[in-house]
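These notes are about the structure you will find just below.
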Amino acid sequence: MGPSIFSPTAGTISVEMNNGEENEMLIPKNVVVATGSKPRTLPGLEVDGAYVMTSEEALNMESLPESILIVGGGVIGIEWASMLADFGVEVTVVEYTKRILPTEDEEISKEMTRLLKKKGVKIATNAKVLADTLKKDNGIEIIVEKEDGTKTYHAEKLLVSVGREANITNIGLENTDIVTEKGYIETNGFYQTKESHIYAIGDVIGGLQLAHVASHEGITAVDHLAGQNPEKIDYNNVPTCIYSNPEVSSIGLTEEKAKEKGYDVKIGKMSFKAIGKALIFGESDGFVKIIADKETDDLLGVHMIGPHVTDMISEAGLAQVLDATPWEIAESIHPHPTLSEVIGEAALAVDGKQIHG
Ligand SMILES: Cc1cc2nc3c(=O)[nH]c(=O)nc-3n(C[C@H](O)[C@H](O)[C@H](O)COP(=O)(O)OP(=O)(O)OC[C@H]3O[C@@H](n4cnc5c(N)ncnc54)[C@H](O)[C@@H]3O)c2cc1C
């Protein structure tokens, strides 16, 4: 199927087929726009099929390069860096901000930096690739501007992972009253656009660009248009996961954000080195960090780096939804030996009552 677009005739959708079938004109009562996003590139670093890739081309690589320069140390860049380094590729990450995974808690970024460096990944932060210096000849050469001067990098391939942009062009938005803001479709809390019968969900509206977020937004939008009076999504309760090795997961506020919001925080941290199951697995790098409000005991954020943490974040998610305190998390008995014991111990550590570690 080709692009389905809002056609110039008010209230209609044209479905253009690209398989020779006839185009179709629909007159729907409601529409949910979920056209997703595409990788952003930088001027001068356009995909060329040979040397410069985004994650889309990288997924279609038929053989591993010997070396790769990854521009952007966000979630996608770090997932690729970790995986390719494990495959034996020489990896360099260049990140514009002061740390990789800049939206994660700072201690998580630090631990990930340490663990990636341990597996040989080179990381340059506060560093900007000068796209117009890119040379391609049997590999790439590019100059990177850093705080202490410029440095020339060489690699077989270059992966651009600098974020994603919404698919809002060529879908006929100009034939509607839909409003966009900074490249994303604007909606209210029930995902209605300025044309209230047209909804938009997922990557095309920006925010947390995650599959489970898109899916929940879709359910909320459909419940709303069906008159079911759904709850609005609380984005503070959305878990995020990074599939690097080790994994990262988090929910709620980082320590920095909590302090910015004026909370007086108390923090519990527990290393996987204190957890028997992690030692059995031989994967004891990482920790769990729980941030709570000193005044009310409210849970503010949970941040994890370590083995299988993407499978364990849902306990923190449930705790957030049920407004549990760290004490209540610790009161829930964590079976032994499990990796989940680290959460119980980190919760105890919030009040200095941890048993291990
Ligand atoms: C490399 C990578 C790794 C990721 N890993 C994770 C992860 O581990 N966990 C996670 O939660 N999220 C992950 N994400 C993000 C996740 O894929 C997106 O957030 C999610 O797919 C968004 O869903 P969506 O429905 O908004 O858009 P999409 O899943 O992108 O779906 C949009 C669809 O609309 C189609 N379309 C676009 N325009 C038109 C048109 N005009 N007519 C008809 N069809 C059209 C597209 O072809 C596409 O099939 C990852 C993304 C990338 C790029």
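We did not get these values from a lab; they are worked out from the coordinates using the rules stated. All of these numbers come straight from a predicted model, not from anything done at the bench. So basically every Cβ, Gly included, is an ideal-geometry build from the backbone, and we count neighbours across all protein chains shown.
Here are the numbers:
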quantity: FRET E, pair Glu106, Lys182, Förster distance 30 Å, beta-carbon r, rounded to 0.05; calculated: 0.70
quantity: For q = 0.14, 0.19 Å⁻¹, Debye-computed log10 I/I(0) when each Cα of the stretch 200-348 counts as one equal scatterer; calculated: -0.72, -1.12
quantity: DSSP loop GluC sites (Glu not before Pro) with at most 12 other Cβ within 10 Å: longest gap in the chain; calculated: 148-230
quantity: Gain on full stretching of the segment that runs from Asn18 to Asn237 - 0.36 nm per residue minus C-alpha separation; calculated: 74.8 nm
quantity: Rel. contact order, % - alpha carbon contacts under 8 angstrom, at least six apart, the stretch 73-200; calculated: 16
quantity: Cα centroid separation, the stretch 245-289 to the stretch 114-131 (Å); calculated: 22
quantity: Environment charge at Val75 (Cβ cut-off 11 Å; Lys +1, Arg +1, Asp -1, Glu -1); calculated: -1
quantity: Set of aspartates and glutamates near Lys259 by C-alpha distance (under 16 Å), chain-local residues within fewer than 8 positions excluded; calculated: Glu104, Asp105, Glu106, Glu107, Asp293, Glu295, Asp297, Asp298
quantity: Highest-fluctuation residue, Tyr243, Tyr235, Tyr96 considered, GNM on the chain with Cα pairs under 10 Å; calculated: Tyr235
quantity: Förster-model FRET efficiency, 45 Å R0, Lys128 and Trp327, C-beta, rounded to 0.05; calculated: 0.45
quantity: Theoretical gain in end-to-end length, Phe87 to Arg40 [0.36 nm per residue, Cα-Cα removed]; calculated: 14.3 nm
quantity: Positive minus negative residues near Pro8 (Lys, Arg vs Asp, Glu; Cβ under 14 Å); calculated: -3
quantity: From the C-alpha gyration tensor of the stretch 254-306, square roots of 5λ in Å; calculated: 27, 10, 6
quantity: Under the Karplus curve 6.51 cos²θ - 1.76 cosθ + 1.60, θ = phi - 60°, whole-Hz ³J(HN,Hα) for the stretch 18-25, x wherever Gly or Pro sits; calculated: 10, 10, x, 6, 5, 5, 10, 10
quantity: Rel. contact order, % - alpha carbon contacts under 8 angstrom, at least six apart, the stretch 137-232; calculated: 17
quantity: Percent RCO, i.e. relative contact order, over the chain, from Cα pairs under 8 Å lying at least 6 residues apart; calculated: 14
quantity: Whole-angstrom Cα spans of the stretch 9-138 along principal axes, big to small; calculated: 57, 39, 29
quantity: Qualifying trypsin sites (Lys or Arg not before Pro) for the stretch 145-241 [loop in DSSP, other Cβ within 10 Å: at most 12]; calculated: Lys182, Lys232
quantity: Cross-link pairs Lys157/Lys182; Lys117/Lys353; Lys122/Lys269; Lys261/Lys294; Lys146/Lys269; Lys29/Lys194 - those with Cα-Cα distance over 22 Å; calculated: Lys157/Lys182; Lys117/Lys353; Lys122/Lys269; Lys146/Lys269
quantity: Proximal aspartates and glutamates relative to Lys136, as straight alpha-carbon distance under 15 Å, when same-chain residues fewer than 8 apart are discounted; calculated: Glu46, Asp48, Glu156
quantity: Of the trypsin sites (Lys or Arg not before Pro) in the stretch 253-357, those whose Cβ has at most 11 other Cβ within 10 Å and which sit in DSSP loop; calculated: Lys261
quantity: Residues with amide H under 5 Å from that of Val265, placed H, sequence gap 5 or more; calculated: Lys294
quantity: Partner aspartates and glutamates for Lys128 [C-alpha distance under 15 Å; skip if fewer than 8 residues away on the same chain]; calculated: Glu95, Glu141, Glu145, Glu147, Asp148
quantity: Size descriptor, Kirkwood hydrodynamic radius, that averages inverse alpha-carbon separations across the chain, Å; calculated: 22.7
quantity: Positive minus negative residues near Leu64 (Lys, Arg vs Asp, Glu; Cβ under 12 Å); calculated: -4
